[in-house]
Amino acid sequence: MSLVSPIDRRHFRKAIETKDFVVGNFTRSRISNEPVLPLATPVLEGEVVTAVCG
């Protein structure tokens, strides 16, 4: 099983850049090929993004 990284997804990068909740564009899952609407929200420690949930 190979790992899938979200770092090249626009909604993921935008959540890091804006430090805010982001709704991405309709796309297809890389794992299941099912339609998805990606969501991402940053986890902050003060003003530093430590993780992104999505």
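The numbers here are math on the coordinates, done by the rules we state, and not lab data. Please read these numbers as outputs of a predicted model, since none were measured by experiment. With ideal geometry, Cβ positions are generated from the backbone for all residues, glycine too; neighbour counts draw on all protein chains shown.
Assigning unit charges at the beta carbon (Lys, Arg +1; Asp, Glu -1) and nothing else, what dipole magnitude in debye, to the nearest 20, does the chain show about its Cα centre? Could you put the intermediate results ahead of the total?
Values: 7 positive and 6 negative charges, 52 e Å.
Around 240 debye, computed over the chain.
Computed over the chain, the per-residue total of -39500 (n - 2.57) for DSSP H runs of n ≥ 4 gives a 222 nm mean residue ellipticity of -4500 deg cm²/dmol, rounded to 500.
Counted by Cβ distance under 13 Å from Gly54, the other residues give a net charge of +3, where Lys and Arg count +1 and Asp and Glu count -1.
What FRET efficiency do you get for Arg13 and Asn33 if R0 is 30 Å and r is their Cβ-Cβ distance, rounded to the nearest 0.05? Write out the running numbers ahead of the final one.
Values: r = 23 Å, r/R0 = 0.75.
Efficiency, from the Cβ-Cβ distance: 0.85.
Taking other Cβ atoms within 10 Å as a rough exposure proxy, Phe12, Phe21, Phe26 sort from fewest to most as Phe26, Phe21, Phe12.
Built from the Cα atoms of the chain, the convex hull projects on average onto 3.9 nm², one quarter of its surface area. The slack in the chain from Asn25 to Glu47, taken as 0.36 nm per residue of separation less the alpha-carbon distance, amounts to 5.3 nm.
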